[in-house]
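To start, the structure itself, in structure tokens.
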Amino acid sequence: GYTPSKAISFSSNGTKLYNSQFISLRDKKRFNDIVELAKYFDSLPYNNMIGFDFVRFGEYAGLENVDDFVREMNIPLPKGWHKYTKTQKMYWMGRKVRGYKNSYKRRWNLWKAHRTAEYIYQVRKAANLKKPIWVFTLGWDHGTQHGQDPYMFMDAGVLSDNVMLYEATPAMFQTMAKSWKRY
């Protein structure tokens, strides 16, 4: 019953928008459900912490947030932007954030990380949580591709950020350990 996040795929058959496996952070029902569940966990006397996992964007998901992103990050817009449909805006944005190292992608990842941390903060406030919070962060590139940032999580009131390293080979693990130490 939740609203899926919009994502984009690129293939030899063209570019396509689709409903991703992620739930839109704009979905009020999901937010309210998480708040109610967090309140319940907070009320349990034998529960010492509350954990959040999978509150994040996918790498090319979250395009339904295009209007907020371009406004909040002062993104230069093409001529006629005000005439674009929501779908046209999502296609435009999906193409702009494609790839790994470009200025749009860096700004998109930063914006997603801020929005994700803000979401956790808003849940914490709405549920009036008294117990500490922990989260999972993807191990690759400090979770940035999926809208995660450990420092922003700390600002949101997260006590423990647990890095997911479970799919790493021994060589990858060593590389990630060095990367996290530098971070």
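The values are calculated or read from the model by the stated rules, or taken from the named source; none is laboratory data. In this text the structure is predicted, and so the values were computed from the model without any measurement. Every residue, glycine among them, receives a Cβ derived from its backbone with ideal geometry; neighbour counts consider all protein chains shown. Accessible surface areas use protein heavy atoms only, side chains included; no ligands, DNA or RNA. Shrake-Rupley method; radii C 1.70, N 1.55, O 1.52, S 1.80 Å.
For the chain, dividing the convex hull volume of the Cα atoms by the residue count gives 150 Å³ per residue.
When the surface is traced with a 1.4 Å probe over the full set of protein chains, residue 55 keeps roughly 10 Å² accessible.
Here, P(r) means the percent of Cα pairs in each 10 Å bin from 0 to the largest distance; for segment 87-178 it is 16, 37, 31, 15, 1.
DSSP beta bridges confined to the chain are antiparallel in about 45 percent of cases.
Taking all protein chains into account, the per residue accessible area for segment 78-127 stands at 57 Å² (1.4 Å probe). The stretch between residue 168 and residue 151 holds 3.8 nm of extra length on full extension. This uses 0.36 nm per residue minus the Cα-Cα distance.
Placing unit charges on each Cβ (+1 for Lys and Arg, -1 for Asp and Glu) gives the chain a dipole about its Cα centre, and among 54, 14, 120 the Cα reaching farthest toward its positive end belongs to 14.
Report, in deg cm²/dmol and to the nearest 500, the calculated mean residue ellipticity at 222 nm for the chain, where each DSSP H run with n ≥ 4 adds -39500 (n - 2.57) and the sum is divided by the residue count.
The per-residue figure over the chain is -13500 deg cm²/dmol.
Computed over the chain, relative contact order equals 22 percent, with contacts defined as Cα pairs under 8 Å that lie 6+ residues apart. For segment 29-84, with all protein chains in place and a probe radius of 1.4 Å, 56% of the accessible heavy-atom surface sits on carbon or sulfur. Each residue of segment 1-74 gets 125 Å³ once the volume of the Cα convex hull is shared out per residue.
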